[in-house]
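Have a look at the structure below, then the notes.
The values are calculated or read from the model by the stated rules, or taken from the named source; none is laboratory data. What you are looking at is a predicted structure, and each value in this text was computed from that prediction instead of being measured. No Cβ is skipped: glycine too gets one built from the backbone with ideal geometry, and neighbour counts run over all protein chains shown.
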Amino acid sequence: MNPGAVRTDRLKVRLESMTKEQGIDLAAAERRFVEGSGVTRIGEPEDIAALAALVVGPEGRFLHGSLIDMDGGATKTV
């Protein structure tokens with residue numbers, strides 16, 4: 001699994017740094033981050049947990065050797 005930007009303490013620190021550097025509020029920092037990253041939104045921990053549950057559960061029993069980009073569209077592939 002290859003997760004992208006997920007709402008974690010680490011991302012919160014990054015967004016708070018943006019608020020101080022750019023003189024904006026947290027909501028504006030998040031919007032700028034999303035726009036600048038080319039993603040649809042910031043991921044939630046539950047998004048990653050749902051994929052992990054699928055992979056290790058019976059539905060994922062035929063999945064083998066795959067890298068799954070779970071990054072809201074940051075990775076552009078065909």
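Any residue at all in region 27-39 that's polar (S, T, N, Q), on the phi < 0 side of the Ramachandran plot and in contact with a Gly (Cβ under 9 Å, 6 or more places away or on another chain)?
The first filter runs over region 27-39 and keeps only residues polar (S, T, N, Q), leaving 37.
Checking the rest, the ones that are also on the phi < 0 side of the Ramachandran plot come to 37.
Checking which are in contact with a Gly (Cβ under 9 Å, 6 or more places away or on another chain) leaves us with 37.
Checked against the condition, which is being polar (S, T, N, Q), on the phi < 0 side of the Ramachandran plot and in contact with a Gly (Cβ under 9 Å, 6 or more places away or on another chain), region 27-39 yields at least one hit.
Confirm whether residue 74 is surrounded by 14 or more Cβ atoms within 10 Å (Cβ to Cβ), under 19 Å from residue 5 (Cβ atoms) and at pLDDT below 95.
When the stated conditions are applied, residue 74 passes them.
Looking only at region 27-41, filter to residues that are within 16 Å of residue 2 (Cβ to Cβ) and not hydroxyl-bearing (Ser, Thr, Tyr); which one of those is farthest from the chain's Cα centre (by Cα)?
Among residues in region 27-41 that are within 16 Å of residue 2 (Cβ to Cβ) and not hydroxyl-bearing (Ser, Thr, Tyr), the one farthest from the chain's Cα centre (by Cα) is 38.
What helices (runs of 4 or more DSSP H), lying completely within the chain, carry at least 2 residues that are touching a strand residue (DSSP E or B) at 6+ places or on another chain (Cβ under 8 Å) and hydrophobic (A, V, I, L, M, F, W, C)?
Counting at least 2 such residues, we get 45-56.
Answer yes or no: is there a residue in region 10-32 that is under 19 Å from residue 74 (Cα atoms), surrounded by fewer than 12 Cβ atoms within 10 Å (Cβ to Cβ) and polar (S, T, N, Q).
no
Pick from 24, 68: which is closer than 17 Å to residue 12 by Cα and either of a type in the set (Val, Ile, Thr) or within 12 Å of the chain's Cα centre (by Cα) (or both)?
Step by step, each of 24, 68 is checked, and only 24 is closer than 17 Å to residue 12 by Cα and either of a type in the set (Val, Ile, Thr) or within 12 Å of the chain's Cα centre (by Cα) (or both).
Need pairs with beta-carbon distance below 7 Å; first residue more than 19 Å from residue 52 (Cβ to Cβ) and aliphatic (A, V, I, L, M) and within region 1-21, second assigned to a helix (DSSP H, G or I) and modelled with pLDDT of 95 or more; sequence gap 6+ or separate chains.
15/26; 15/29; 15/30; 15/33; 18/29; 18/32; 18/33
Which residues, counting only those in region 41-71, are of a type in the set (A, V, I, L, M, F, W, C) and surrounded by 11 or more Cβ atoms within 10 Å (Cβ to Cβ)?
42, 48, 50, 51, 52, 53, 54, 55, 56, 63, 68, 70
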